[in-house]
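Bear in mind these aren't lab numbers, they're just calculated from the coordinates by the rules spelled out. Not measured: the values here are computed from a predicted model. All Cβ positions, even for glycine, are placed from backbone atoms using ideal geometry, and neighbour counts span all protein chains on display.
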Amino acid sequence: MTGHSDSSSSEKKSNEEMNDVPVFSAENMQNNMKVIYYSRTFMSIIGGVIAGILGFTGFMGFVFYFLVMTITSIGLIAKAKFSVHLYVDSWNRIILDGFMGGLMSFVLFWTFAYDIVHIF
Amino acid sequence: MAEDLVLDTAIRDWVLIPLSVVMVLIGILRYFVSKLMRSSQVPDPKIVKEGQVIVRARNLRAAANFIPPKSFRSRRVYFSNEENGLLFVPKGQAQNAQAQMFSDPNMAMDMMKKNLSMIIPQTLTFAWVNFFFSGFVAAKIPFPLTQRFRSMLQNGIDLSTVDVSYVSSRSWYFLNLFGLRGLFSLILGEENATDDTQRMMQMSGFGFDPSKQCATCYCAATIFCASDFCAAWVPDSYRNFSQCFSQDHQSLGAEKDGLDIVQHEWALPKFEHRAEAVLRKLTM
């Protein structure tokens, strides 16, 4: 996925001046939000395939989804070198944003992989 | 009572995979067709002007603390004074603009085209799925659901003792419909079904990221699509469309109010203290 490999290296600093009054470059912040969204979507698809192959059913699958989302959040925070305020305007954006958005993709690919590997 | 059904491999080869592949291809096709069919519309200068005025006012509000108080006040008066302020719109005019927008034939035509380009592939695919792939168990969803979902998920299967996890191909179609949005946003680069909201933004001259509105509008649109394929959906979308537009024209008044509210607090004096602190740290 060229989109993913390019985007992960282009998170831009959106808060250049460390002022009392924080200044945000809106364009960079939009780009960062897009990167976060793409990362989460990609991870939820991969997580769905993994969950299907490993044969998770029911509740375990959703627990796995939250695990994957948490790993994505930690990865994004690590990529931002733990100074999250340089890149997005609040912690909530990088942790919670798009959490539920990947759920449908996860369920689709989970069902697909599970059926192909275990049922058929 | 959950017995494990053994399903034929042919179902996987000839139902699941082809259906997914067809939906992905139709999505890509629809994206390119809508790109080709997009008529380049000459934007109305009045609308663009209003949009740019709003952007200016918004910038002023955002950066108010970086200019001296007096210049901020003079700019604010330029925007919001009663006689010839740019943002001041007498009540009668605002209503007229909104009604005019709604009955403009060009715009209605474009909206219609966008809606149709979204409804028609979905309707056709749904009819195709129903015709060819009905009457058998297509897949097993890995999580259990209650009995109430049975009628929704197992429409072709008339046995009532089969576990609700075993679903028909119609539910596989719906699962694909919702789940492939994420995939499309990855491979096609941007949310492709929300081109209409982006164009509305373009026409009203906002330099504004519609990504949040993209998500909500798209969710609303797909929920409408999935639940009701008939023409009842189209009047709903017209209502949404006119609401979006009336918001754009009321936003002149909203911007004026926002600008009036702003308390100016000049941030620059503090910069001298900060510069002093930095220099001290450097020379120590």
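Projecting each Cα onto the charge dipole of the range A:26-119 (Lys/Arg +1, Asp/Glu -1 at the beta carbon, about the Cα centre), which of A:Phe59, A:Trp110, A:Val84 comes out farthest on the positive side? The Cα lying farthest towards the positive end belongs to A:Val84.
Sorting B:Leu279, B:Leu7 by the number of Cβ atoms found within 10 Å of their own Cβ, with the fewest placed first, yields B:Leu279, B:Leu7.
Sorted fewest first by neighbouring Cβ atoms within 10 angstrom, B:Lys49, B:Lys70, A:Lys34, B:Lys256 come out as B:Lys70, B:Lys49, A:Lys34, B:Lys256. Once both labels are positioned 7 Å from their Cα atoms along Cα-to-Cβ, the gap between B:Asn130 and B:Lys49 label points is 5.2 nm.
Length gained on full extension, B:Glu276 to B:Val24, computed as 0.36 nm times the residue gap minus the Cα-Cα distance: 84.7 nm.
When you count the other C-beta atoms within 10 angstrom of each residue and take the mean per peptide, B:135-144, A:71-80 line up highest first as B:135-144, A:71-80. A straight chain from A:Ile46 to A:Lys81 at 0.36 nm per residue would run longer than the Cα-Cα distance by 10.2 nm.
I need the fraction of alpha carbon pairs in the range A:26-119 separated by more than 15 Å, rounded to a whole percent. More than 15 Å apart: 58 percent of the Cα pairs in the range A:26-119.
At a 10 Å Cβ-Cβ cut-off, how would you order B:Val129, B:Val278, B:Val55, fewest neighbours first? Numbers along the way, then the final one.
Details: B:Val129 22, B:Val278 10, B:Val55 15.
Listing B:Val129, B:Val278, B:Val55 from fewest to most nearby Cβ atoms yields B:Val278, B:Val55, B:Val129.
Pairs from the list B:Lys46/B:Lys256; B:Lys35/B:Lys114; A:Lys81/B:Lys281; B:Lys70/B:Lys256; B:Lys35/B:Lys113 with a Cα-Cα gap above 20 Å: A:Lys81/B:Lys281.
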